[in-house]
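Asks: The following block contains the structure, expressed as structure tokens.
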Amino acid sequence: MKKAILLLSGLLFGAAAWAAGTSDNSDMNRFIDSLMSRMTLAEKIGQLNLPGAGDITTGQAKNSDIAGQIRRGNVGGLFNIKGVEKIRAVQRIAVEESRLGIPLIFGMDVIHGYETTFPIPLGLSATWDMEAIERAARIAAVEASASGICWTFSPMVDISRDPRWGRVSEGIGEDPFLGSAIARAFVYGYQGKDPNHFAQDEILGCVKHYALYGAVEAGRDYNTVDMSRQRMYNEYFPPYKAAVEAGVGSVMASFNEVDGVPATANRWLMTDVLRDQWGFGGFVVTDFTGIYEMIAHGIGDLSEVSARALKAGIDMDMVSEGFLKTLEESLAAGRVDTADIDRACRLILEAKYKLGLFEDPYRYCDPERARTQIYTPEHRADARRIAAESFVLLRNEGDLLPLRRKGTIAVVGPLAASRENMPGTWSVATDLKKPRTLVEGLQQAVGKKARILYAKGSNVTFDEELEKNSTMFNRDIPRDGRTDQQLLDEALQIAAKSDVVIAALGEPSEMSGECSSRSQIGIPDAQQELLKALVATGKPVVLVLFAGRPLTLEWESAHVPSILNVWFGGTEAAEAICDVLFGEVSPSGKLPVTFPRNVGQIPIYYNHKNTGRPLTVDHFEKFRSNYLDVPNTPLYAFGYGLSYTTFTYGDLHLSAAEMDEQGSVTATVRLTNSGRREATEVVQLYIRDLVGSTTRPVQELKGFQRVTLKPGESRDVHFTIDASLLKFYNYDLEYVCEPGDFEVMVGGSSDNVKRARFTLK
């Protein structure tokens, strides 16, 4: 024990300049050079190993097989252990009982909050509020770091245009410009803005899944991806690149293949693009068993795929233990080089150095912080405010919303009294006993001013097996043993006694997320029948829609007067929903994804390209690119979202009709709150390159501003357009802007804009 402590003391002495705040990269390099000179080959490979210990007990930490591996120097980090004392116990083994005392890095899936949980990432994206997203990530970092975690597997910035893919819930929507802004906000929230030095309440981000995971064929998870490189660079790469430019410390490889090579073994992706073109200086980790899974892809045995992953630029192996078990043999056989192992080891050690773990291995294990900085009233207030911002009002005929606190309100649906489902998927650190149900939130919100009646109304779906598969991971909604008719009759009885019906319907939280692809994406069958029966009563119905993806809502949009999409709003979801339902907050969320009319339209997205025979009318036309049985238009467009007030856009004015590549044009529109309530509008800027060397999208988001106006207030909203907003990757993958005519569009959604034109000389 004394020997280990002395060795650790030597490491700490080498990091003294860092602790004093005077370190630069040269100090770090000298420190790591010295450390690596003392490491054996086995110890270097051990740093590349990230086993999944699970949430082990303190006793297990001392006595388990994982503890033995740590003592032998075979572990670089662990993930998904929760609790300061557990993490401290494991870290103590690493720094006091291993030969060199190298600390571990501790990661967790902190996806949209820690114990204070925010809306699912797709919901956060619907705020279009970068300050709110950065604040959510900041709070997540504070709470996670107070609990011993120094690394999060977030943000996920996969562009997706296929809502059948369940993991769209974890992402940033369909647009590269909005997605890039969100990527930066997450990174700054987690890490701060100095990627070389981390405060005690900042944690290492990990952008994922690199690359193209959101484009899996047929929306089926883990499936194949195939696309042109021009499309990669223009439409799918930008959010990853933005995260790298923001200083993200790590990158996670995706499960899918790219150009016929699994991403985990794709050197072009991991080295040529990520490191050489974008200048990424952090480390790359696989996703869960990513190396092992390449055997099933069919590119080799464990030894072969491990060697290929390392040579491609992978630095850390999550769970597969392919590096640990095969790299020494592969080195001897010449399949990998010492330089490959040294590169990966160095990058892992650099991350630990920047996190301050060599200066203090227990800096993230302060019990006082754990007691005072997690799930605080301040954090919960922010979560409530941000959740309310994320909700999207899809429909509000007759101004049914906001509701009044009076009379009798019926609350119906299998999601109305489900506590565990409120936070949404991938809320692994959330105490699922803490969130209020929607029924409880409504009861608290109305107090004695109104009466709340509740009935479940239906099970999640008629199919018991499907329901079981959709309510996993401790998010069970107990199946009601009554008959479907008995459940429905009870709901209709309370509806008859009520002035208004709130139907809490949609997906349970695990019906979207990882391995939750759906071939049909409507509200499940039993709930659809319940909703139709409620509407048939003639009572006014408000659909509070829980969803982790765009849903097909044609019938609902035609027959339900009010639809409020609340995604999954986090631990304060119930309170936030009530804030919006009763008008304390006017909804301001805008869709970051397109809602299709039916699955036959998928993929459908706003920034598509024209064909040579584009449809120019709003109905079927022979020998044009359209469907016989459905319009080309979506049900709800990208950028769409209603308010409790109305906003009027004046004509769009440009400061000049021409500009050169060194100049700029200012686009101005007057926005007026023409309604009766103060509210916030997201003003959106789109640009179309009318003639290019290659085909260009019909519109591309290039700016947005959140503007809050009082009733009757007007404001001029300005956007500066310069060459950076006009550039794209041409056929030769050169980043250029081409002279010619451009159309500028400004409005409240992608399908409702004012237009003007200018010329780039």
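The values are calculated or read from the model by the stated rules, or taken from the named source; none is laboratory data. Everything quoted here is computed from the prediction, not taken from an experiment. Don't worry about glycine lacking a Cβ; one is built from the backbone with ideal geometry, like all the others, and counts go over all protein chains shown.
Asks: From the residues in segment 607-650 that are part of a loop (DSSP other than H, G, I, E, B) and among the small types (Gly, Ala, Ser), which one is farthest from the chain's Cα centre (by Cα)? Full working, then the answer.
Replies: Going residue by residue through segment 607-650, those that are part of a loop (DSSP other than H, G, I, E, B) are 607-608, 610-635, 637-641, 643-646.
Within this subset, residues satisfying the condition of being among the small types (Gly, Ala, Ser) are 612, 625, 637, 639, 641, 643.
Details: Gly612: 35, Ser625: 33, Ala637: 20, Gly639: 17, Gly641: 20, Ser643: 24 Å.
Applying the filter and picking the extreme gives Gly612.
Asks: Please tell me if Leu35 is modelled with pLDDT under 50 and either in a helix (DSSP H, G or I) or out of contact with any strand residue (DSSP E or B) (no Cβ under 8 Å at 6 or more places or on another chain) (or both).
Replies: Values: modelled with pLDDT under 50: no; either in a helix (DSSP H, G or I) or out of contact with any strand residue (DSSP E or B) (no Cβ under 8 Å at 6 or more places or on another chain) (or both): yes.
It is false that Leu35 is modelled with pLDDT under 50 and either in a helix (DSSP H, G or I) or out of contact with any strand residue (DSSP E or B) (no Cβ under 8 Å at 6 or more places or on another chain) (or both).
Asks: Provide a single number: the residues in segment 469-497 that are crowded, with 21+ Cβ neighbours inside 10 Å, polar (S, T, N, Q) and modelled with pLDDT of 95 or more.
Replies: Count: 0.
Asks: May I pose another question? Condition test on Arg451, is it within 30 Å of Ser145 (Cα to Cα) and in contact (Cβ under 8 Å) with a residue 24 or more places away in the chain?
Replies: no
Asks: Could I ask something else about it? Quick check, is Thr720 surrounded by fewer than 20 Cβ atoms within 10 Å (Cβ to Cβ), of a type outside the set (Phe, Trp, Tyr) and either outside any loop (DSSP other than H, G, I, E, B) or touching a Cys at 6+ places or on another chain (Cβ under 8 Å) (or both)?
Replies: yes
Asks: Under the condition of being assigned to a loop (DSSP other than H, G, I, E, B) and out of contact with any helix residue (DSSP H, G or I) (no Cβ under 6 Å at 6 or more places or on another chain), which residue from segment 101-110 is nearest to Arg138 (Cα to Cα)? Write out each step before concluding.
Replies: We begin by selecting, within segment 101-110, every residue assigned to a loop (DSSP other than H, G, I, E, B); these are 101-104, 109.
Those still in the list that are out of contact with any helix residue (DSSP H, G or I) (no Cβ under 6 Å at 6 or more places or on another chain) too: 102, 109.
Numbers: Ile102: 28, Asp109: 15 Å.
Checking each candidate, the answer is Asp109.
Asks: Turning to a different aspect of this structure: Given the criterion β-branched (Val, Ile, Thr), touching a strand residue (DSSP E or B) at 6+ places or on another chain (Cβ under 7 Å) and within 24 Å of Arg706 (Cβ to Cβ), identify the matching residue among Val580, Val560, Val535. Spell out the reasoning first.
Replies: Details: Val560 fails: within 24 Å of Arg706 (Cβ to Cβ); Val535 fails: within 24 Å of Arg706 (Cβ to Cβ).
From the options Val580, Val560, Val535, the qualifying one is Val580.
Asks: Looking at segment 700-730, which of the residues that are among the basic types (Lys, Arg) and closer than 22 Å to Arg757 by Cβ is nearest to the chain's Cα centre (by Cα)?
Replies: Start the filter on segment 700-730 by keeping residues that are among the basic types (Lys, Arg), which leaves 702, 706, 710, 715, 727.
Pick out the ones that are also closer than 22 Å to Arg757 by Cβ and you get 702, 727.
Details: Lys702: 20, Lys727: 26 Å.
Residue satisfying both the conditions and the ranking: Lys702.
Asks: Do you know which residues across segment 687-717 are over 25 Å from Ile182 (Cβ atoms), assigned to a loop (DSSP other than H, G, I, E, B) and of a type outside the set (D, E, K, R)?
Replies: Leu690, Val691, Gly692, Ser693, Thr694, Thr695, Pro711, Gly712
Asks: Answer yes if at least one residue in segment 147-158 is surrounded by fewer than 24 Cβ atoms within 10 Å (Cβ to Cβ) and either at pLDDT below 95 or out of contact with any helix residue (DSSP H, G or I) (no Cβ under 7 Å at 6 or more places or on another chain) (or both), and no otherwise.
Replies: no
The rows are residues; the columns are (1) outside any helix (DSSP H, G or I); (2) crowded, with 22+ Cβ neighbours inside 10 Å; (3) modelled with pLDDT of 95 or more.
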{"site": "Leu8", "(1), (2), (3)": "no, no, no"}
{"site": "Phe13", "(1), (2), (3)": "no, no, no"}
{"site": "Glu43", "(1), (2), (3)": "no, no, yes"}
{"site": "Ala53", "(1), (2), (3)": "yes, yes, no"}
{"site": "Ala61", "(1), (2), (3)": "no, yes, no"}
{"site": "Gly73", "(1), (2), (3)": "yes, yes, yes"}
{"site": "Lys82", "(1), (2), (3)": "yes, no, no"}
{"site": "Ala94", "(1), (2), (3)": "no, yes, yes"}
{"site": "Arg99", "(1), (2), (3)": "yes, no, yes"}
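Asks: For segment 567-591, what are the residues that are under 26 Å from Ile521 (Cα atoms), part of a loop (DSSP other than H, G, I, E, B) and touching an Asp or Glu at 6+ places or on another chain (Cβ under 7 Å)?
Replies: Ser588, Gly589
Asks: Still on this structure, I have one more. I'd like the full set of residues that are of a type in the set (Gly, Ala, Ser) and within 29 Å of the chain's Cα centre (by Cα), limited to segment 66-107. Even if it seems obvious, please write down each step before you answer.
Replies: Residues of segment 66-107 that are of a type in the set (Gly, Ala, Ser), as a first pass: 67-68, 73, 76-77, 83, 89, 94, 98, 101, 107.
Within segment 66-107, Gly76, Gly77, Gly83, Gly107 qualify.
Asks: Still on this structure: Here is a list of conditions, (1) part of a strand (DSSP E or B); (2) not assigned by TED's automatic domain parsing to the domain that holds Leu685, and His653 meets all of them except one; can you say which number that is?
Replies: (2) is the only condition that His653 fails.
Asks: Can you name every residue in segment 618-644 that is of a type in the set (A, V, I, L, M, F, W, C), without any contact (Cβ under 8 Å) to a residue 24 or more places away in the chain and surrounded by 10 or more Cβ atoms within 10 Å (Cβ to Cβ)? Full working, then the answer.
Replies: First pass over segment 618-644, keeping only residues of a type in the set (A, V, I, L, M, F, W, C): 620, 623, 628, 630, 635, 637-638, 642.
Retained after the next criterion (residues that are without any contact (Cβ under 8 Å) to a residue 24 or more places away in the chain): 620, 623, 628.
Passing the criteria: only Phe620.
Asks: Given the criterion crowded, with 24+ Cβ neighbours inside 10 Å, of a type outside the set (S, T, N, Q) and either out of contact with any Phe, Trp or Tyr (no Cβ under 6 Å at 6 or more places or on another chain) or at negative phi (or both), identify the matching residue among Ala218, Ala211. If you could, list the steps in order and put the result at the bottom.
Replies: On the way: Ala218 fails: crowded, with 24+ Cβ neighbours inside 10 Å.
One residue alone meets the criteria, Ala211.
Asks: The conditions are (1) more than 27 Å from the chain's Cα centre (by Cα); (2) farther than 30 Å from His197 by Cα, and Arg395 fails exactly one of them. Which is it?
Replies: (1)
Asks: Sticking with this one: Going through segment 739-750 one residue at a time, which ones are of a type outside the set (S, T, N, Q) and surrounded by 17 or more Cβ atoms within 10 Å (Cβ to Cβ)? Spell out how you get there, then give the answer.
Replies: Looking only at segment 739-750, we keep the residues that are of a type outside the set (S, T, N, Q), and these are 739-748.
Matches in segment 739-750: Phe742, Val744, Met745, Val746, Gly747, Gly748.
Asks: Do the conditions hold for Val248, that is, is it touching a residue at least 12 places away in the same chain (Cβ under 8 Å), buried (at least 16 other Cβ atoms within 10 Å of the Cβ) and over 23 Å from Ala53 (Cα atoms)?
Replies: For Val248, the condition - touching a residue at least 12 places away in the same chain (Cβ under 8 Å), buried (at least 16 other Cβ atoms within 10 Å of the Cβ) and over 23 Å from Ala53 (Cα atoms) - is met.
Asks: Would you check if Val566 is closer than 27 Å to Ser160 by Cβ, touching a helix residue (DSSP H, G or I) at 6+ places or on another chain (Cβ under 7 Å) and assigned by TED's automatic domain parsing to the domain that holds Leu487?
Replies: Details: closer than 27 Å to Ser160 by Cβ: yes; touching a helix residue (DSSP H, G or I) at 6+ places or on another chain (Cβ under 7 Å): yes; assigned by TED's automatic domain parsing to the domain that holds Leu487: yes.
Yes; evaluated as a whole, the condition is true for this residue.
Asks: Please identify the pairs in which a residue from segment 403-424 that is under 21 Å from Glu467 (Cα atoms) has its Cβ atom under 7 Å from the Cβ atom of a residue that is in a strand (DSSP E or B) and among the hydroxyl-bearing types (Ser, Thr, Tyr), counting only partners at least 6 apart or on another chain.
Replies: Filtered contacts from segment 403-424: Ala416/Tyr454; Ala417/Tyr454; Pro423/Thr117.
Asks: Oh, and also: Under 6 Å between Cβ atoms, at least 6 apart or on separate chains: pull out the pairs that start in segment 714-726 with a residue that is modelled with pLDDT under 95 and end on any residue that is assigned to a helix (DSSP H, G or I) and among the polar types (S, T, N, Q).
Replies: If the second residue must be assigned to a helix (DSSP H, G or I) and among the polar types (S, T, N, Q), no pairs are left.
Asks: Being within 29 Å of Ala218 (Cβ to Cβ), at pLDDT 95 or above and surrounded by fewer than 23 Cβ atoms within 10 Å (Cβ to Cβ): is that true of Glu293 here? Don't jump to the end; show me each part of the working.
Replies: Values: within 29 Å of Ala218 (Cβ to Cβ): yes; at pLDDT 95 or above: yes; surrounded by fewer than 23 Cβ atoms within 10 Å (Cβ to Cβ): yes.
So Glu293 passes the test.
Asks: May I ask you to list the residues in segment 216-261 that are acidic (Asp, Glu) and either at pLDDT below 95 or part of a helix (DSSP H, G or I) (or both)? Full working, then the answer.
Replies: Narrowing segment 216-261 to residues acidic (Asp, Glu): 217, 221, 226, 235, 245, 257, 259.
Listed by number, the residues that qualify are Glu217, Glu235, Glu245.
Asks: Output the strands (runs of 3 or more DSSP E) that fall wholly within segment 360-468 and possess 1 or more residues being surrounded by fewer than 19 Cβ atoms within 10 Å (Cβ to Cβ), of a type in the set (D, E, K, R) and touching a strand residue (DSSP E or B) at 6+ places or on another chain (Cβ under 7 Å), or say none.
Replies: On the way: elements: 392-396, 408-412, 451-455.
Answer list for segment 360-468: 451-455.
Asks: I would also like to ask the following. Is segment 560-579 home to any residue that is over 22 Å from Ala388 (Cβ atoms) and modelled with pLDDT of 95 or more? Full working, then the answer.
Replies: To start, the set of residues in segment 560-579 that are over 22 Å from Ala388 (Cβ atoms) comprises none.
Within segment 560-579 (the criterion being over 22 Å from Ala388 (Cβ atoms) and modelled with pLDDT of 95 or more), the answer is no, since none of the residues qualifies.
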